[in-house]
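Q: Here it is: the structure, laid out below.
The values are calculated or read from the model by the stated rules, or taken from the named source; none is laboratory data. Computed from a prediction, not measured in an experiment: that's the story for all the values here. Positions of Cβ are backbone-derived with ideal geometry, glycine not excepted, and every protein chain shown enters the neighbour counts. These area figures cover heavy atoms from the full protein model, side chains too; ligands, DNA and RNA do not enter into them. Shrake-Rupley method; radii C 1.70, N 1.55, O 1.52, S 1.80 Å.
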Amino acid sequence: MREILGRRRRLLSQRSDGGPELIDAALAFATEWQWPVLPGVTADPQGRSRCGCPDPECSVPGAHPFDPGLLAATTDARMVRWWWSNRPTAPIVLATGGAAPCAVSLPALAASRALVALDRQGMRLGPVVASPTRWAILVRPYSLEQLGELLYAKDFVPGSLRFHGEGGYLALPPSSTGQGEIRWERAPLPGSASPWVPDVEAVVDAVVDVLTRTGVSAPEL
């Protein structure tokens, strides 16, 4: 038990310079939390801000799957170990939905202000994944039908909100992508079988309310 907890603490504090740190984190996600993961595209060595995939206009450089494709995501330790043994600097990509958490993401500045407001309201949030440009709040798995009903009931939803649901993906710490380092803004608490995450309805309701009331939904979004 002590060994498992120590491994989780290392997962939360690791750097994203590749090697044992990434493979250990990928294995922890897959085997301890049962989150299906796969390696993302590494950044183009000719330009850090460019993606290694064939799309020259890629909008999420290094932060998405390509080869293998998203359907290859797995919790199998042997496959995860083989992938990162051969691609030690590959970003860790979570296949969202199913048994794995989903996410709601928004621009970093708006997200930082929204989290402050939500803390003041006493709302309980789970892990939050941050890149230099966007933050993603992890939520419980939801269906497309559930999301559609939720958004239809809203008078207004900021267009910059993105939803990482069934069939989606999200880069996890401690990855390094063409957009910069992926880190925990709110790290999972060590010691649990899998991190607690809130319902998508609660997060969307609270975030939309905060952004609308504070006026952050203008040019920053």
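Q: With a point put 7 Å past each Cα toward its Cβ, work out how far Q146 is from A77 in nm, to one decimal.
A: About 3.0 nm, to one decimal.
Q: Highest first, please rank the peptides 117-128, 134-145 by the mean number of other Cβ atoms sitting within 10 Å of their residues. Mind dumping the intermediate values first?
A: Working: 117-128: 14.5, 134-145: 19.3.
The most tightly packed comes first, giving 134-145, 117-128.
Q: For the range 55-90, state which chymotrypsin sites (Phe, Trp or Tyr not before Pro) are in a DSSP loop and have at most 11 other beta carbons lying within 10 Å of their beta carbon. Don't skip to the answer; put the middle values down first.
A: Numbers: sites: F66, W82, W83, W84; in loops: F66.
Nothing satisfies the criteria.
Q: Taking a probe of 1.4 Å, how large is the accessible area per residue of the range 126-192, in Å²? Intermediate values should be presented prior to the final figure.
A: Working: 3160 Å² over 67 residues.
With the other protein chains kept in place, the range 126-192 gives 47 Å² per residue.
Q: A further question on this structure: Ignoring ligands, DNA and RNA, please state the percent of accessible area on the range 102-181 from carbon and sulfur, probe 1.4 Å.
A: 53
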